[in-house]
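What follows is a set of notes on a single structure, which appears directly below.
The values are calculated or read from the model by the stated rules, or taken from the named source; none is laboratory data. All of these numbers come straight from a predicted model, not from anything done at the bench. Positions of Cβ are backbone-derived with ideal geometry, glycine not excepted, and every protein chain shown enters the neighbour counts. Note: areas computed on protein heavy atoms with side chains; ligands, DNA, RNA excluded. Shrake-Rupley method; radii C 1.70, N 1.55, O 1.52, S 1.80 Å.
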Amino acid sequence: MRVAAGGWLFMLWASTVSAGQFSGPVRLEVETESRSVTVASYRLQRYLDKQNCKAELVFNQAVEGEAQVESDLVYRQDGWEGRLRLRAVNADGQDPVPVWVTRKTAGVRTLGELEGRDVSLVAGTDPLSGRLALKALAAEGVRPKRGQRYEAGDFSSALGLLLHNNTHAAVSELGLVTPFLESQGLAITWQGKSVSGAGWYAGTDTTNPGLQPCLRALLELKRSDDRQIFNLFPEWVHGFATPDSQP
């Protein structure tokens, strides 16, 4: 049986596509609470291109009730066991640790002494932004009323409220706040347990050959190299590490 030249070309094209040699770009999704992603996404895209990571960036695609296109890699606060490819780490290269910070001159030695006092939190759903710290207060019988809870846009602003005497304590993260303790006369009044789960999670299909260059690029990305990119992530995130690295 004779096959026309066009038929041979089609068979060759189908073979190479099935072998994955012409897979499309890696779909990278970021679940972010950033109000604007324009500048950060542009800089991240440019960085990934330079690192030979051919990626399509999408943001906050999970909409309840709508059919979803699964991403190859997703940054989220927590995810599916066994799919974590890179964990988010703080400035010390560790899992983040929630803390309550007070001024040394305030003389607050225990959480119980914050009863009736104003505190500053961080808006958002990241557990380090206030949920864990409020739970620690509640365990001591301290439950700040609505007028006593100040919500800031980020950890730096929450700390600013404390430093300007607007509040008696501020939520923070250990690696983020440690460099400022001595210079600003601050003290850690409560330190919680480290929190794991935030990071980059793979989708169900991990056959895209472009995934590995992207993982390598993200592994090398550090906040100190480009702070604008990290506006996409919680303020405590300094970089990323492999799941099996020393926590």
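What's the ranking of 229-238, 205-214 by average number of surrounding C-beta atoms within 10 Å, highest first? Don't skip to the end; give the middle numbers.
Details: 229-238: 22.2, 205-214: 15.2.
Output ranking for 229-238, 205-214: 229-238, 205-214.
Can you pull the Rg over Rh of the stretch 129-188, Cα-only, Kirkwood?
Details: Rg = 11.7 Å, Rh = 12.3 Å.
Taking Rg over the Kirkwood Rh, I get 0.95.
Given R₀ = 35 Å, what would the calculated FRET efficiency be for Glu33 paired with Glu182, taking r from the Cβ atoms and rounding to 0.05?
Values: r = 31 Å, r/R0 = 0.88.
Working from the Cβ atoms, E equals 0.70.
Kindly rank 174-185, 91-102 from highest to lowest mean number of other beta carbons found within 10 Å of each residue.
91-102, 174-185
Could you work out how far apart the two model spin labels at Arg146 and Glu115 are, taking each label as a point 7 Å from the Cα in the direction of the beta carbon, and quote it in nm?
About 2.4 nm, to one decimal.
Of the listed values (1) 153; (2) 134; (3) 163, identify the label whose number matches volume of the Cα convex hull per residue in Å³ calculated from this model.
Only one listed value fits the structure, namely (3).
Using helices alone, what [θ] at 222 nm do you get for the chain, with -39,500 (n - 2.57) per DSSP H run of 4 or more residues, divided over all residues and rounded to the nearest 500? All intermediate terms of the calculation are to be shown ahead of the outcome.
Working: 6 runs with 59 residues, N = 247.
About -7000 deg cm²/dmol.
Relative contact order of the stretch 96-189, please, whole-number percent, based on alpha carbon pairs below 8 angstrom and at least 6 residues apart.
For the stretch 96-189, the relative contact order is 48 percent.
Per residue, what volume in Å³ does the Cα convex hull of the stretch 164-204 take up? Don't skip to the end; give the middle numbers.
Values: hull volume 4.7 nm³, N = 41.
Expressed per residue, the convex hull around the Cα atoms of the stretch 164-204 is 114 Å³.
Would you count, across the chain, every pair of lysines whose alpha carbons are under 27 angstrom apart, provided the pair is eight or more residues apart or spans two chains?
Going through the chain pair by pair, I get 9.
Calculate what fraction, in whole %, of the accessible area of the stretch 96-189 sits on carbon and sulfur atoms when a 1.4 Å probe is rolled over the protein chains. Let's see the in-between values first.
Numbers: 2270 of 4560 Å².
Percent of accessible area from carbon and sulfur atoms in the stretch 96-189: 50.
How high is the relative contact order of the chain? Use alpha-carbon pairs under 8 Å, at least six apart in sequence, and give a whole percent.
RCO, the chain: 32 percent.
Dipole magnitude of the chain about its Cα centre, charges +1 at Lys/Arg Cβ and -1 at Asp/Glu Cβ only, in debye to the nearest 20? Please report the intermediate quantities before stating the final value.
Details: 26 positive and 28 negative charges, 54 e Å.
For the chain, the charge dipole is close to 260 debye.
For the chain, with every protein chain kept in place, what is the accessible area per residue (1.4 Å probe, Å²)? Can you show the working numbers first?
Details: 13930 Å² over 247 residues.
Value returned for the chain: 56 Å² of accessible area per residue.
When Lys and Arg each count +1 and Asp and Glu each count -1, what net charge do the other residues less than 10 Å away from Val97, Cβ to Cβ, add up to? Numbers along the way, then the final one.
Values: positive: Lys193; negative: Asp92, Asp95, Glu173.
It works out to a net charge of -2.
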